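Worksheet: one structure, shown below.
The values are calculated or read from the model by the stated rules, or taken from the named source; none is laboratory data. All of these numbers come straight from a predicted model, not from anything done at the bench. Here the Cβ positions follow ideal geometry from the backbone for every residue, glycine too, while neighbour counts run over all protein chains shown.
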Amino acid sequence: MHDLGGVSKFMCEPVDKEPHALTAFDRDVDALRQLLSGQGLMTVDELRRGIEAIPEADYHRLSYYERWIRSMTATLLNRGVLTEVEIAAALEKL
Amino acid sequence: MRAAGETVRVRDDWPETRHPCHIRTPHYLRGRSGTVVRHLGDFPNPEDLAFARPAPKVPLYHVAFAQDAIWHEGAAGDELLVEIFDHWLEPAA
């Protein structure tokens, strides 16, 4: 999902301009993204590319920061920073 | 370096139909002509950064387009002002 300006299926929908309260999850994801960028482990452009790669149905189901963490996970797997096994092991401990 | 006032055309190219891409040039401007307003600086190419490739710096410009030709709405004289990288611009025909 990317480059939606002027795409007819998204026209005529009112834009929600109300501010959104950030959850603890949102803040954690944002902080993690900044740390990863600071360590040179991902760029904001990789974040954007990963968000664009989310299938349309998932894209609409996920919240803004859920899209981020999905892209960040894909980037770290792609770069070999993390493995599926490591992620699964970390999730087991939660 | 492109000068302010230069008429340019956005390349009518669709690389996303050929291979995975990350493109910052809006689809609705491909093939459209506009006017260079200012040089914003040189920045690493996001099309490379998105794939963690070495990213040479590319000049970035503010380019203005007459809005009515693109959106068919708005007041007379309305313009779109869009940031476009140099490699997407070519001389206007």
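For A:Asp3, are the conditions met, namely being touching an Asp or Glu at 6+ places or on another chain (Cβ under 9 Å), among the charged types (D, E, K, R), assigned to a loop (DSSP other than H, G, I, E, B) and under 20 Å from B:Glu16 (Cβ atoms)? Yes.
For segment B:1-54, filtering for residues that are among the β-branched types (Val, Ile, Thr), touching a residue at least 24 places away in the same chain (Cβ under 8 Å) and over 18 Å from B:Ala92 (Cα atoms) leaves 1.
Picking from residues in segment B:13-40 that are facing chain A (nearest Cβ under 9 Å) and not in a loop (DSSP other than H, G, I, E, B), the one that is farthest from the chain's Cα centre (by Cα) is B:Glu16. Of the residues making up segment A:20-29, not a single one is under 27 Å from B:Thr25 (Cβ atoms) and either among the polar types (S, T, N, Q) or part of a helix (DSSP H, G or I) (or both). Considered as a group, the residues in segment B:69-78 that are in a helix (DSSP H, G or I) and either at pLDDT 95 or above or within 18 Å of B:Val37 (Cβ to Cβ) (or both) include one that is nearest to the chain's Cα centre (by Cα), and that residue is B:Ile70.
Evaluation of A:Glu52 against the conditions (1) within 12 Å of chain B (Cβ to nearest Cβ); (2) loosely packed, with under 14 Cβ neighbours inside 10 Å; (3) in contact (Cβ under 8 Å) with a residue 40 or more places away in the chain shows that the sole unmet condition is (2).
The lone criterion from (1) at pLDDT 95 or above; (2) out of contact with any Phe, Trp or Tyr (no Cβ under 8 Å at 6 or more places or on another chain); (3) crowded, with 16+ Cβ neighbours inside 10 Å; (4) not small (Gly, Ala, Ser) left unmet by B:Val58 is number (2).
Within segment A:67-82, being away from chain B (no Cβ under 14 Å) and in contact (Cβ under 8 Å) with a residue 24 or more places away in the chain holds for A:Trp68, A:Ile69.
Inside segment B:41-83, residues that are away from chain A (no Cβ under 11 Å), touching a Lys or Arg at 6+ places or on another chain (Cβ under 8 Å) and not small (Gly, Ala, Ser) make up a count of 6. Total residues in segment A:1-58 satisfying the condition of being aliphatic (A, V, I, L, M) and over 18 Å from B:Ala52 (Cα atoms): the figure is 13. Here is the figure for segment A:22-47: residues that are among the hydrophobic types (A, V, I, L, M, F, W, C), away from chain B (no Cβ under 14 Å) and closer than 13 Å to A:Tyr64 by Cα total 3.
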